[in-house]
Amino acid sequence: MTQSLREKLASGQIVVALRTSIDISRDALERALGKAEYDLLYTDLQHSPYTERQLQDYCAAAEDLGLPVEIRIPHTRYAHLAGRLCDFGPAGILVPEVMTDHDVQESLDYFYYPPMGRRSFGGSTRHGMKTRPNARVYADWWNQTGVLGLQLESVEAVINARLLAKPGVGYVSFGPTDLSLSMDMHPDFPFRTVEECMRHVSVQLQGSGIPLGIAVTLKPEERERYLNVGLTVFQEAPRP
């Protein structure tokens, strides 16, 4: 039986996302997928324009090609829209700039269906909906397979990492650029590099079953340095 994305993450396997723009053509997507093996598609809605119709079409193409989609949502405060965005087809979301317990709890509440959360049931284009039309069956399946990622991009998030790692969090990912800018604002912070922050969080989350990733594209040969820090979730741009 093929493992779900969430199962791969939880088992500590290396997971690689192909990161593309949401407006990539079907032909270009198929060509990119033909050049390497990927576990999912990823697209960034935080720093790129998009429409809900584009999101729905992107996810439909991905599902036809046999891959789940993860999106980075436009803002931390959009966490209450996690369910709405997932109604268009994503299998998971990455919530940017997470810093507080409230950020995490709101994400959990609106990403998962009852009894785990409070997401409203609806939407014919949801990931996996074609084979699970029954509400309870689908809700239970989603609660077991949907992937909720948190992006750590500040010294506050690094300090609070253990408190943010609540049940239901699929993985945490680092945003190195914003994290570096945050460290610049806190000259007395004990960690002075992104990798030092990663090592600290890795220790804090040891035994939690929550893997670590990085939310920038890397070439395969660039992953080794981060594997040594404890990261297992990576992104890659389409290969030439």
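The values are calculated or read from the model by the stated rules, or taken from the named source; none is laboratory data. Note that the structure is a prediction, hence the values are computed from the model and not measured. A quick note on method: Cβ atoms are made from the backbone with ideal geometry, for glycine too, and the neighbour counts reach across all protein chains shown. These area figures cover heavy atoms from the full protein model, side chains too; ligands, DNA and RNA do not enter into them. Shrake-Rupley method; radii C 1.70, N 1.55, O 1.52, S 1.80 Å.
Things worth noting here:
- Number of the condition not met by LEU85 [criteria: (1) closer than 19 Å to LEU5 by Cβ; (2) in a loop (DSSP other than H, G, I, E, B)]: (2)
- Taken as a whole, the range 92-108 holds no residue that is of a type in the set (A, V, I, L, M, F, W, C), touching a Phe, Trp or Tyr at 6+ places or on another chain (Cβ under 9 Å) and over 24 Å from ARG162 (Cα atoms).
- Test: residue in the range 62-77 that is part of a helix (DSSP H, G or I), open to solvent by less than 10 Å² (accessible area, probe 1.4 Å), over 16 Å from PHE234 (Cα atoms) and in contact (Cβ under 8 Å) with a residue 12 or more places away in the chain: yes
- Scope the range 172-190; condition over 30 Å from MET116 (Cβ atoms) and open to solvent by 50 Å² or more (accessible area, probe 1.4 Å); matching residues: THR177, LEU181, ASP184, MET185, HIS186, PRO187, ASP188, PRO190
- Here ARG53 fulfils each of the conditions (1) under 24 Å from TYR138 (Cα atoms); (2) of a type in the set (D, E, K, R); (3) touching a residue at least 60 places away in the same chain (Cβ under 8 Å) apart from (3).
- Residues (of a type outside the set (A, V, I, L, M), over 20 Å from GLN46 (Cα atoms) and open to solvent by less than 60 Å² (accessible area, probe 1.4 Å)) located in the range 7-24: LYS8, GLY12
- Within the range 140-171, the residues that satisfy the criterion of being β-branched (Val, Ile, Thr) and either free of Cβ contacts under 8 Å to residues at least 60 places away in the same chain or open to solvent by 40 Å² or more (accessible area, probe 1.4 Å) (or both) are VAL155, VAL158, ILE159.
- Residue within the range 37-55 that is at pLDDT 95 or above, in a helix (DSSP H, G or I) and buried (at least 19 other Cβ atoms within 10 Å of the Cβ) present: yes
- Conditions (1) buried (at least 20 other Cβ atoms within 10 Å of the Cβ); (2) part of a helix (DSSP H, G or I): number failed by VAL137: (1)
- Answer residue from the range 102-134, given it is closer than 30 Å to ARG199 by Cβ and out of contact with any Pro (no Cβ under 9 Å at 6 or more places or on another chain) and is surrounded by the fewest Cβ atoms within 10 Å (Cβ to Cβ) among those: HIS102
- Criterion violated by ALA82 - all others in (1) in contact (Cβ under 8 Å) with a residue 24 or more places away in the chain; (2) under 21 Å from SER48 (Cβ atoms); (3) open to solvent by 10 Å² or more (accessible area, probe 1.4 Å) satisfied: (3)
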